[in-house]
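K.L.:
The structure that follows is given in the form of structure tokens.
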Amino acid sequence: MMSRRHSEAFSPVAGDLDDPSLVERARKGDRDAFQILFERHRKVLTALVRRAVGSSGSAEDIIQETAVSALVGIDTLQQPERFGAWLAGIGLNICRRQRRQELERPSSLRIAVADQADPAQDPSEVATEREISRSVRLAIKELPSGQREAAALFYLSGLTYRETALALGIDLGAVKNRLHRARARLGAELSSVWKGEEMEQTDEREMVAARVADVLRLQPAEGNKSEFVVMLEEVGGSRRLPVWIGESEATWLAYGVEEIGLPRPGPYSMLASLLDATGVRIREVRIERLVERTYYATVIAEGGRSATIDARPSDALNLAVLTGSVVVVASELLDAATTGSAPEYERLEAQIREGTTVGAATIGAEAKIAWQRSLEELTREED
């Protein structure tokens, strides 16, 4: 991106400006000013990146990505006189993201700005690149405050999900929900500068961010067993989707929702730890189909490559809760559940109104006590 040959052609007057003055020019769309800034601090950045990644051939790619992120995010720099330290911080964060294999896959934002990587000599091309850079920065500025902060930290400053969560003082799931909504909005706002690239989607249905609001145990009808329902709730809305699941899956989900510590890790905890240890992360859990009164889920996983895995909603949601992954539900399913009049829905709503359901906190606490008792009994038998 920043060739030595091109930097030598800069105006000596501009080259004599201090960092804050160059930052001000760069914010107004002066790419030459930004290139002077970058070349001024490139040596230190290169040394830090190479130290972080060793002899890996990815150092130059990281440096280029750092330049792009800094160019697009320069409006977020709070102290222009600390441009060098800010640039180094972006580079090191990108190094950490690469090591953890947590690079964001649907990176149409990066695709949009990556086309600026080679400064063109043709004035019309330079003008187009400046307009793209300006459009991306302005689009992020127009996001709602929560989405704007998350997008700036994650996309522009190179922070990971967890680092973004720490910086904003919110939990991991909230960060991923904000970024999910930001991507959807940016996809519409920046469609004219994507150069033909579309935001990654698995289908054309409208998907809505949701969260696990509660796990309920219903009072059994005479002669029947208790029923268990996970209640999904639209984020920022009032629609709900109840999904009937088995007792075992409901109990593990209650543990996760209530963050109840257990004497020993359960199967979903082990699976989440295994995924983390092998560099695989769950990008998204989707509840998108209803076939003959049975809901179907899809898990979008990423590691060395992306994979789409069919799953039961109970299993997928258990993993989503433990890993803080985004959960999305087809809007049509939420609409159908909200207006549904099937007997099971009516029975659920009646028990909720009457207050006869038992929630996740009680389910988890009762199950933990039973588990501890069984362990104590086992210990006595062994003695």
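Where a number appears in this text, it was derived from the coordinates with a stated rule and is not lab data. These figures come from a predicted structure and were not determined experimentally. Cβ: placed from backbone, ideal geometry, glycine included. Neighbour counts: every protein chain shown.
K.L.:
Determine how many Å³ per residue the convex hull of the Cα atoms of the stretch 207-375 encloses. Provide the component values of the computation, followed by the final result.
P.N.:
On the way: hull volume 20.6 nm³, N = 169.
Normalising the Cα hull of the stretch 207-375 by residue number yields 122 Å³.
K.L.:
Residue by residue through the stretch 364-373, which ³J(HN,Hα) values in whole Hz follow from phi under the Karplus form 6.51 cos²θ - 1.76 cosθ + 1.60 (θ = phi - 60°), with glycine and proline marked x?
P.N.:
x, 5, 5, 5, 5, 4, 4, 5, 4, 5
K.L.:
Would you kindly derive the ³J(HN,Hα) couplings of the stretch 61-72 from the backbone phi angles with the Karplus curve 6.51 cos²θ - 1.76 cosθ + 1.60 (θ = phi - 60°), listing them in order in whole Hz, with x for Gly and Pro?
P.N.:
Computed from phi, the couplings for the stretch 61-72 are 4, 5, 4, 5, 5, 4, 4, 5, 4, 5, 4, 6 Hz.
K.L.:
Beyond a 26 Å Cα-Cα separation, which of these cross-linked pairs lie in this structure: K176/K368; K43/K176; K141/K176?
P.N.:
Working: K176/K368 30 Å; K43/K176 34 Å; K141/K176 19 Å.
Going by Cα-Cα distance, K176/K368; K43/K176 fall outside the 26 Å limit.
K.L.:
Less than 11 Å Cβ to Cβ from E247, Lys/Arg counted +1 and Asp/Glu -1: what total charge do the surrounding residues give? Provide the component values of the computation, followed by the final result.
P.N.:
Details: positive: R217, K225; negative: E227, E249.
Overall, the nearby charge balance is 0.
K.L.:
Now for a separate question. Karplus couplings for the stretch 248-253 from phi (6.51 cos²θ - 1.76 cosθ + 1.60, θ = phi - 60°), rounded to Hz, Gly and Pro as x?
P.N.:
So the J values, rounded to whole Hz, are 4, 4, 5, 5, 5, 5.
K.L.:
Quick query: amide H of V208 versus all other amide H atoms, modeled in the peptide plane; which residues come in under 5 Å with a sequence gap of 5 or more or a different chain?
P.N.:
V329, A330, S331
K.L.:
I would also like to ask the following. Note down the net charge around I260, summing +1 for each Lys or Arg and -1 for each Asp or Glu among other residues with Cβ under 11 Å from its Cβ. Intermediate values should be presented prior to the final figure.
P.N.:
Working: positive: K368; negative: E258, E259, E366.
Residues near I260 contribute -2 overall.
K.L.:
Taking H placed 1.01 Å from N in the peptide plane, check which residues at least 5 places from I245 or on another chain put their amide H under 5 Å from its amide H.
P.N.:
Those qualifying (amide H under 5 Å, at least 5 residues apart or on another chain) are F228, V229, V230.
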